[in-house]
Amino acid sequence: MIKTVVMERKPLSLSERTYLPQIASGLKTTFSNLFKKKVTLQYPEQRPSIPSGYRGVPTLVKDPNGREKCVSCQLCEFVCPPKAIRITPGHVPEDDEERSHVEKAPEEFEINMLRCIYCGYCEEVCPEEAIFLQENYSLSGYSREEMINNKEELYELGGTLPDKHFKWDKKKADEESGNAH
Amino acid sequence: MDIELIQMLALKVTYAVVMVSVVMSIAGYTVLAERKVCAWMQGRVGPNRTVLPFVSAIPIIGPFLRNLGMFQPLADGLKFLFKEEIVPGHVNKFYYYLSPIVALVPALTTMTVLPFGEFTNAEGHTTPLVLANVDLGILFVFAISSLGVYGIVLAGWSSNSKYPFLGGIRSSAQMISYELAMGLSVLPVFLWVNAPGMTESGLSLVSIVNSQENAPWLVLIQPFSAFLFLIALFAETNRLPFDMPESETDLVGGFHTEYGSFKFGIFFVAEYAHVVIGSAIFTTLFLGGWHFLPWVADPWAPGLIGSLLGVGWFLAKTFCLIFFFIWVRWTLPRFRYDQVMKLGWAKLLPLALVNLIFYVILVTYLDQAAAS
């Protein structure tokens, strides 16, 4: 059992009861604040520094060869808690030499930014590392339709990120050396 | 009517218009100063975006003025002017429209007796620069400035809703309590100035100022009177720590809760005009008006340049005092209503009385000593 200790308060002295010394010291504090460095960030001209691991607007990225990474497996669509992602899967044509390593690619890929909660599950779940929440934090539009990012916009926002694994290059090399799985 | 009278009338009207516009623009820039100083004290930058297109083109001065927010009052005024006028359905229309005017007029009327400089012509004849050099100057100021509370009370009452009503009641109570202390605190000043043996006399503000020429300022002779007057001035101008009629935190907006657009703007400007006039009156009473420094003769020669410098010096003192008003506002929290009342009646009034009695005895003693 904790005992409550009542603190004895000293009665205020005469100078304290006039408030004046306290007011004077307060005035001193505010006056010294006048010349201190200002903390304001002049927003549109100055931008805040974005910490690593920041979850901004979700975007689609291309691999270093400029190829589409997404294979429209629809895992992100499945995992997305607010159901902001909608993917229309499509086939990669057989005769496309550039993208012969994959069979499928999204025909349309939409992320509704009015629904998105920036949780980052899509980035976490993507087996191809094709979707990333990058540094962009300011998004605006004049209508609901404008707030739905389609595939083109998503690639424009995402750009190309350096690939750590070169998954498909390795697979191809394995295949050529007769070590396919 | 003869031509001379018309000429004189036209001249007086011109003077009055000039004076009103100067005081109003000082009030407007006081609002800016308030925002800027507040921002600086809180580690912010304050308004720094508004700029006129042709000014922004000037290389160094343009951005400097922009960062100081020099054009912000213009934008604020325009905003008040062009906002939609909303009149709530439950108000008493007549008094609702009347009260902003009643609030503004006294604030602008007190400036008529306010001397702000003097002009000595080639013959050595000195005229004070004042709209109306009335002999009962300070009485006129007190009489008119306390009428300003009617605007607030009317606004609170005609708004017909609880928060403005509370604001109005508080305001009238506060005004009554501090008016007494204010009047009593300046009495010793006039006793001192009008003591036998002194050359100046009367209640005129000009004579008060001139009694401080080549002599110590009255704030040095009577620091306690000045202190009491300053506290009462804070209460009279409804500034923090005594801004009972507004108290944003507990009364929404106080007496002007139901007001919007230009009518609110008038209240706003009236409040700052009170601050400007109050500072100017404190300067004339206690800080030597347009005279240079205590015990030091005016370094400027009489004449046009001299009187302009004098007016500038007067304005500089006034601006320092306005800065002090703003500084205190952003330092102190608000008193509780009962504390304000207690301070006014139980502390300030007795102190002012004691101060008065002390100076009555002192002045009598000095007179006796001088006579014998």
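Throughout, read-outs are computed from the coordinates displayed, never taken from laboratory work. Bear in mind that the values here come from a model prediction, so they are computed numbers and not experimental data. Ideal geometry is used to build each Cβ from the backbone, glycine not excepted, and the neighbour counts take in all protein chains shown.
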- Sorting A:Trp168, B:Trp345 on the 10 Å Cβ count, fewest up front, what's the list? B:Trp345, A:Trp168
- Tell me, which cysteines of the protein assembly as shown are without a disulfide-compatible partner by the Cβ under 4.7 Å rule? A:Cys70, A:Cys73, A:Cys80, A:Cys116, A:Cys119, A:Cys126, B:Cys38, B:Cys320
- Cβ-defined net charge surrounding B:Thr237, 11 Å radius [Lys, Arg +1; Asp, Glu -1]: -1
- Item | Inter-label distance for A:Ile117 and B:Phe324, nm, one decimal - labels placed 7 Å from Cα along Cα-to-Cβ | 5.8
- Query: Taking the Cα centre of the protein assembly as shown as the origin, how large is its charge dipole in debye, to the nearest 20, when only Lys and Arg (+1) and Asp and Glu (-1) carry charge on their Cβ atoms?
  - Reply: 2080
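Given Cβ point charges of +1 (Lys, Arg) and -1 (Asp, Glu) and nothing else, what value in debye, to the nearest 20, does the dipole of the range A:58-162 about its Cα centre take? Don't jump to the answer; show the numbers that get you there.
Numbers: 10 positive and 22 negative charges, 104 e Å.
For the range A:58-162, the charge dipole is close to 500 debye.
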- So which residue, out of A:Tyr54, A:Tyr137, A:Tyr19, gets the largest mean-square fluctuation from a GNM of chain A using Cα contacts under 10 Å as springs? A:Tyr19
- Span-like helix ranges in chain B, DSSP H, alpha carbon extent 20 angstrom or more, Kyte mean at least 0.0: B:3-41, B:93-109, B:162-193, B:261-286, B:304-329, B:349-371
- Task: Considering only A:Glu146, A:Glu45, A:Glu129, give the residue with the highest GNM mean-square fluctuation for chain A, with springs between Cα atoms whenever their separation is below 10 Å.
- Result: A:Glu45
- Item | DSSP H segments from chain A that extend 30 Å or more along their own axis, Cα-based, with Kyte-Doolittle mean of -1.0 or above | none
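Based on DSSP, what percent of beta bridges with both residues in the protein assembly as shown are antiparallel, to the nearest 5?
Values: 18 of 19 bridges.
Just about 95 percent of them are antiparallel.
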- Message: Please report the antiparallel percentage of the DSSP beta bridges confined to the range A:58-162, to the nearest 5.
- Response: 95
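How big is the dipole moment of chain B about its Cα centre under a simple scheme where the beta carbon of each Lys and Arg is +1, that of each Asp and Glu is -1, and everything else is neutral? Debye, nearest 20, please.
Values: 19 positive and 22 negative charges, 267 e Å.
Dipole of chain B, to the nearest 20 debye: 1280 debye.
For A:Met7 and A:Ser100 in one chain, what is 0.36 nm times their gap in residues minus the Cα-Cα distance, to one decimal in nm? Mind showing how you got there, number by number?
Numbers: separation 93, 0.36 × 93 = 33.48 nm, distance 7.95 nm.
Extra length from A:Met7 to A:Ser100 when fully extended: 25.5 nm.
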- Query: Label 7 Å along Cα→Cβ of B:Thr120; the range B:200-244 residues with amide nitrogen under 18 Å?
  - Reply: B:200, B:206-216
- Counting as exposed only GluC sites (Glu not before Pro) in DSSP loop states with no more than 12 other Cβ atoms inside 10 Å, the longest exposed-site-free span of chain B is B:124-372
- Where the centroid of each part is defined by its Cα atoms, how far is the range B:78-130 from the range B:278-352 in Å? 20
- For the protein assembly as shown, the charge dipole (Cβ of Lys, Arg +1; Cβ of Asp, Glu -1; about the Cα centre) points to a positive end, and the Cα of A:Gly141, B:Gly289, B:Trp345 closest to that extreme belongs to B:Trp345
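Report the relative contact order of the range A:87-181, percent, no decimals, based on alpha-carbon pairs under 8 angstrom and at least 6 residues apart.
Values: 69 pairs, mean separation 22.3, N = 95.
It comes to 24 percent, rounded to a whole number.
How high is the relative contact order of the range B:231-372, in percent, counting Cα pairs under 8 Å that sit 6 or more residues apart? Write out the running numbers ahead of the final one.
Values: 83 pairs, mean separation 37.7, N = 142.
Over the range B:231-372, the number comes to 27 percent.
Suppose only helical runs count, i.e. DSSP H with n ≥ 4. What mean residue ellipticity at 222 nm does that imply for the protein assembly as shown under -39500 (n - 2.57) per run, divided by all residues and rounded to the nearest 500 deg cm²/dmol? Don't jump to the answer; show the numbers that get you there.
Working: 22 runs with 287 residues, N = 553.
Using -39500 (n - 2.57) per qualifying helix, the result is -16500 deg cm²/dmol.
I want to check a number: in chain B, how many lysine pairs have alpha carbons closer than 21 Å, given a sequence separation of 8 or more or different chains? Don't skip to the answer; put the middle values down first.
Values: B:Lys36/B:Lys79; B:Lys36/B:Lys317; B:Lys79/B:Lys263; B:Lys83/B:Lys93; B:Lys83/B:Lys263; B:Lys93/B:Lys162; B:Lys93/B:Lys263; B:Lys162/B:Lys263.
Lysine pairs meeting both conditions in chain B amount to 8.
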- Message: Explain nothing, just the number: relative contact order of chain A, from Cα pairs under 8 Å at least 6 residues apart, as a whole percent.
- Response: 25
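List B:Phe82, B:Phe227, B:Phe325, B:Phe140 from most exposed to least, where exposure is judged by having the fewest other Cβ atoms within 10 Å. Could you put the intermediate results ahead of the total?
Values: B:Phe82 9, B:Phe227 16, B:Phe325 24, B:Phe140 20.
So the ranking, lowest neighbour count to highest, is B:Phe82, B:Phe227, B:Phe140, B:Phe325.
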- Expected max-MSF residue from A:Glu153, A:Glu68, A:Glu97 in the GNM of chain A (alpha carbon, under 10 Å) is A:Glu97
- Note on the structure: In this structure, the FRET efficiency calculated for A:Ser32 and B:Asn133 from their beta-carbon separation, with R0 = 60 Å, to the nearest 0.05, is 0.90
